[in-house]
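Accompanying notes for the structure given below.
Values quoted throughout were computed directly from the atomic coordinates according to the rules given, and no laboratory measurement underlies them. The shown structure was predicted, so the numbers you read here are calculated from the model rather than taken from an experiment. Here Cβ is always computed from backbone atoms with ideal geometry, including for glycine, and neighbour counts include all displayed protein chains.
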Amino acid sequence: MRCYVDTSVWRDYFEERGDRIKPLGEFGFQFLKKCRQNKDTIIVSDIIISELEGGLPKESVQIIISEFSDLIIRVNHTEKQFREAAKMAREPRHNIPLADALHAIIARDEGAVLVTRDGHFREIGFIEVCAPEELL
């Protein structure tokens, strides 16, 4: 399986976050553990790296990437993808931030399931979207 793992899932895992009810960090850990067992591919875009570096120390981001380097394929978004995402973000029916539109388009183009906690991705319609625990 190919998975595009959204920033929120990486942060849940690394920061061992929870939401008062669910152990989000543990779900992230179990999901990534299963990816390793299945030798799944994890797509990490330049946008994911940028978002992680905006919320975590750069050294922490490098730890995350190196820990899963055997599974990760790094990709950079294209100008065409950016233009499509910008157009999508402007459409009221999507109600999605530009970066999230770009995540969805990259996941689609990479043939990956978008693994995320953000519910607005489910309304896009052109990609498969799952929370980490849905893939356990």
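Brief remarks follow.
- For region 80-92, Karplus couplings with θ = phi - 60° (6.51, -1.76, 1.60), whole Hz, Gly/Pro x: 4, 5, 4, 4, 5, 5, 4, 5, 5, 5, 7, 7, x
- In terms of overall dimensions, the C-alpha atoms belonging to the chain reach 36, 31, 29 Å along their principal axes, ordered largest to smallest.
- For region 93-109, the Karplus equation 6.51 cos²θ - 1.76 cosθ + 1.60, evaluated at θ = phi - 60°, returns couplings of 5, 8, 6, 9, x, 3, 4, 5, 4, 5, 4, 4, 5, 5, 4, 4, 5 Hz by residue, with Gly and Pro reported as x.
- As a rough guide to protection, the peptides 121-129, 102-110, 4-12 ranked by mean Cβ packing within 10 Å, highest first, stand as 4-12, 102-110, 121-129.
- Structure note, pairs Lys22/Lys58; Lys58/Lys80; Lys33/Lys87: Cα-Cα distances above 32 angstrom occur for Lys33/Lys87.
- Within a Gaussian network of the chain (alpha carbon springs, distance under 10 Å), most fluctuating of Ile72, Ile21, Ile47: Ile21
- About the Cα centre, charge dipole magnitude for the chain (Lys/Arg +1, Asp/Glu -1 at Cβ), debye: 220
- The label-point distance for Glu15 and Leu98, in a model that sets each label 7 Å from Cα toward Cβ, rounds to 2.4 nm.
- Amide H contacts of Val5 (H built 1.01 Å from N, in plane; Pro and chain starts excluded): Ile43, Val115 sit under 5 Å, all sequence-distant by 5 or more or on other chains.
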